[in-house]
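The values are calculated or read from the model by the stated rules, or taken from the named source; none is laboratory data. These numbers come from a predicted model, not from an experiment. With ideal geometry, Cβ positions are generated from the backbone for all residues, glycine too; neighbour counts draw on all protein chains shown. Side chains included, ligands, DNA and RNA excluded: accessible areas come from the protein's heavy atoms. Shrake-Rupley method; radii C 1.70, N 1.55, O 1.52, S 1.80 Å.
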Amino acid sequence: MKPLSSLRDGIGFDLALVGAALLFLLALAGLPLVYNVLMSFQKVDMFTLNALIRPFAGFQNYIDVYRQPEFWMVARNTLIFVFFSILGQFTIGFALAVFFGQDFPGAKVIRGLFLVSWVMPGLVVGAIWSWILAGDFGVLNSILRGIGLIDAPLFWKSDPSLSIWAVVIANIWLGVAFNMLLLSVGLAAIPRDLYEAAELDGANAWQRFCTITLPMMRSTVGAVLALGMIATLQQFDLFPALTEGGPANSSNVAQYWSWQMSFKLYDFAKGATISVMLFVLVLIASIVYVRSTRHEVRG
Amino acid sequence: MKFSKIGLLACAALGAIGVAHTASAEDVTLKVWSIDGRDRPGLADTFSKEFSDMDNGIKIEYRMIAFDDIVNETLRAFATGNAPDIVSVDNPDFALFSSRGAMLDITDRVAKSDIIKTDNFFPGPLNSVTWDGKLYGIPKYTDTIAVFYNKDLFKKAGIDHPPVTWEEFAADAEKLTDPANHVYGATFSARAGEEGTFQFLPIIQMSGGSFKKVNTEGAVQTLELWKKMIDNGWASKDVLTLGQWDSTGTFNSGNAAMAVSGNWEIDRMLDDAKFDWGVALLPTLTEGGDRSSALGGFDWGIMSGTKHPDEAFKALEYFDSQAKRLYSEFGYIPPRSDIKLASSGNERKDAAIAKFLEQLKYAQPRGPHPEWQKISKAIYDAEQAALTGQMSAKDALDQAQATIETIVN
């Protein structure tokens, strides 16, 4: 009965648990990933989509994707989208977290209300922002006109120099609540007496923020940024709802482009190729995330 | 608790009786997939049910699939051997199936049929189900685009007839534009998608080009004209993102004096538009110049994997035999030139539909080409690049031409 007992409370139990998790990961994440990478090196058409053995294409798909006239524009948009979405979500989220961290009546209730944006599906958020950002009869333009910032309406979704920003704005709005939530938790974990001691020593609010809050929040911030990057690279729903990547690809990003290739143009090989390229980026973000949380476990 | 259990049992028993009743052992069951019947009875579900209810030994199992999914879903089913017997798809997608042997060649069956006559169909829709000289399906219904114009605003601006050429269209748009009252001269759809191509391809065709030859001089000039209209505010910048339904919405609310759109808008316009309106043929490049128009609509096809080709063909014959009801019951234009549409009793609607039927004579299909979606993307990308000023109209269309040549050759 030795193996059984070791399964129950010895090293065998640990291995079984880890093994189950690994098997699960392999089946649900590993296989599709391998399939996707494989597909990016094959010639795929609609009628061989379900076969595993297809003609080998080498790096041709990668070269083809790179040679698409919109490649650089999509790459630029993806960077803009990720960087400014995270910048916006994080700074506003942090500011709100600090603000609602102060004890004032109703703070918790109002903070809860912010989560509404987080609960809403991306497609709904996209539809709402689509109305807000509409050129001729949009709310945002009316407000901007009302306070005298602009005299002619801005065509957020149709002006190629603005379209990517339309999606960025909507995405920031969508992500602020999530950032605020995580950062609030991090803030709550900082012992109050640190602040009291600092206050007694004569540190002002700004000094307390820089010397206590920021250093204590390091691991949380790392995790939030990494998760933010992953979520932003995953963000898809806003694109079909707002701009469909247009006009003329001026708001197209890698994740939407990959979908367009696969399910609009039925060029599954190129779609897979773009998603593999994107995967490399997500991998980097994941490494940052894992590293930042590892710090947490040790500390 | 007990009550609901009995209820459940009763339901199950009833269900079993239902199944036993409708599918007797020798009945053949056909799977039919289409997009109709989501929020109200549509053509495919209604006809399928009627055909199924006839005592002919053939039952139809109808499945509704959303417009955006039907091609993907059918391809996947075909690849795994679970394809339906009959499917209907948007006409530019049809070649994708017929060119790859996914649709059954029905040339001989149609030649022998007493019901389906190829001569009855409009040439455009018929062309979309033809590949390599063979017939792979039959047109289901058709539609096309023309110009809707607001007669009240035209009168106010002192214009006595709808525009004949695109030059005139732009000139009229300038006169009709009234920023103080939020009125644009014209609206159309130049969206980054099939709708963009749908509205721009006719320009290429009427200038002597085709989907294989897009950089014609006439197309360049008209694109420049459209850009001028947008730049000068005679048309909203939002035409770049508006679909046809939304774009025509601004016409219905009186915020645009002209709209390029299709006959599917007529019923909504009768309800929404609180002014006198009419329909004119799409303008041409020069007075009396070549006409063209976009061809929309769906096609029926029997999938090549079917085990019951004879029964499936009978179903198609039934669907085609009911074409007379398309307009009166479902608001679609039959794809057949031999069917005269009955008067609806509404003068404005009848005048509009008559204009669309005239326009339909000039409608040309998109493609057919198995890689239509890529060709279409090259076209709407070029249109958008030019209209946003990222490239000159000439460069944009030249680039599209280069892309298209790698696809069609």
Residues of region B:199-244 buried by at least 10 Å² on assembly (accessible area, 1.4 Å probe, chain alone as reference): B:SER236, B:LYS237, B:ASP238, B:LEU240, B:THR241
Sum of -39500 (n - 2.57) over DSSP H runs of 4+, divided by residues of chain A (222 nm, nearest 500): -21500 deg cm²/dmol
Cβ-Cβ FRET estimate between A:TRP206 and A:LEU113, R0 fixed at 25 Å, reported to 0.05: 0.35
Carbon plus sulfur fraction of accessible area for the protein assembly as shown, probe 1.4 Å, in percent: 61
Check: chain B dipole with +1 on Lys, Arg Cβ and -1 on Asp, Glu Cβ, in debye: 520
Summed buried accessible area for A+B [probe radius 1.4 Å, Å², rounded to 100]: 2700
Percent of Cα-Cα distances greater than 21 Å, calculated over region B:55-194: 62
Residues of region A:223-290: accessible area per residue with a 1.4 Å probe, Å²: 32
Virtual paramagnetic centre 7 Å along Cα→Cβ of A:LEU52, amide N under 17 Å, in region B:66-108: B:80
For region B:171-182, Karplus couplings with θ = phi - 60° (6.51, -1.76, 1.60), whole Hz, Gly/Pro x: 5, 5, 4, 4, 5, 7, 5, 9, x, 4, 9, 6
J(HN,Hα) series, region B:56-71, from Karplus relation 6.51 cos²θ - 1.76 cosθ + 1.60, nearest Hz, glycine and proline x: 10, x, 10, 10, 10, 9, 9, 10, 8, 10, 5, 3, 5, 9, 5, 5
Average beta-carbon neighbours from other chains, 10 Å sphere, peptide B:372-381: 3
Inter-label distance for A:ASP136 and B:ARG325, nm, one decimal - labels placed 7 Å from Cα along Cα-to-Cβ: 3.9
Relative packing of peptides A:269-276, A:13-20 - highest average C-beta neighbours within 10 Å first: A:269-276, A:13-20
At least 20 Å² of accessible area lost relative to the chain alone, listed for region B:86-132 with a 1.4 Å probe: B:LEU96, B:ARG100
Label-point separation in nm, B:GLU168 to B:LYS228, each point 7 Å along Cα→Cβ: 1.7
Share of alpha-carbon pairs per 10 Å distance bin for chain B, given as whole %: 5, 21, 29, 23, 14, 6, 3, 0
Counting DSSP beta bridges with both ends in the protein assembly as shown, the antiparallel % (nearest 5): 65
Where B:TRP372, A:TRP118, B:TRP234 fall by accessible area, highest first, once all protein chains stay in place (1.4 Å): A:TRP118, B:TRP234, B:TRP372
Helix-only [θ]222 nm of chain B, DSSP H runs n ≥ 4, -39500 (n - 2.57) each, per residue, nearest 500: -13500 deg cm²/dmol
Value of D in µm² per second that Stokes-Einstein yields for the protein assembly as shown, Kirkwood Rh from Cα pairs, at 37 °C (0.692 mPa s): 113
For region B:80-161, alpha-carbon Rg and Dmax in angstrom: 19.4, 63
Spread of Cα-to-Cα distances over 10 Å intervals beginning at zero, given as percent, for region B:285-354: 15, 34, 29, 16, 6, 0
Positive dipole terminus of the protein assembly as shown, leading residue within B:ALA111, A:PHE81, B:ASN150 (C-beta point charges): A:PHE81
Axial C-alpha extent at least 18 Å, average Kyte-Doolittle at least 1.0 - helices from chain A (DSSP): A:11-25, A:71-101, A:107-119, A:163-188, A:218-234, A:268-298
Crossing angle, helix B:43-53 versus chain B [Cα axis fit, 0-90 degrees, rounded to tens]: 20
Flagged links, alpha-carbon separation over 26 Å, of B:LYS59/B:LYS112; B:LYS117/B:LYS324; B:LYS134/B:LYS340: B:LYS134/B:LYS340
Degrees between helix B:194-206 axis and first principal axis of chain B (Cα, 0 to 90, nearest 10): 60
Karplus 3J(HN,Hα) series, Hz, for region B:245-259 with 6.51 cos²θ - 1.76 cosθ + 1.60 (x for Gly, Pro): 5, 6, 4, 5, x, 5, 5, 4, 8, x, 8, 9, 7, 9, 9
Ranked order, B:LEU326, A:LEU87 - accessible area, probe 1.4 Å, largest first: A:LEU87, B:LEU326
Other-chain or far-sequence residues with amide H under 5 Å of B:ARG336's (modelled H): B:PHE122
Built amide H within the under 5 Å cut-off of A:GLY245, gap 5+: none
Extreme residue, positive dipole direction of chain B, given options B:SER247, B:TYR62, B:ILE339 (C-beta unit charges): B:TYR62
Spin-label pair B:SER210/A:PHE83, simplified geometry with 7 Å Cα→Cβ offset, distance in nm: 4.7
Calculated on alpha-carbon atoms, Rg and Dmax of region B:152-259 in Å: 13.8, 43
Cα long-axis angle, helix B:2-22 against chain B (0 to 90 degrees, to the nearest 10): 90
Exposure of B:HIS161 as accessible area (Å², to 10), given a probe of 1.4 Å and all protein chains: 80
Average accessible area per residue (Å²) across region A:76-211 - probe 1.4 Å, nucleic acids and ligands excluded: 54
Test item: A:235-247 mean partner chain Cβ contacts at 10 Å: 3
Average partner coverage of B:385-393, which counts Cβ from other chains inside 10 Å: 4
Amide proton proximity set for B:ILE60, modelled H, under 5 Å, gap of 5+: B:LEU30, B:SER52
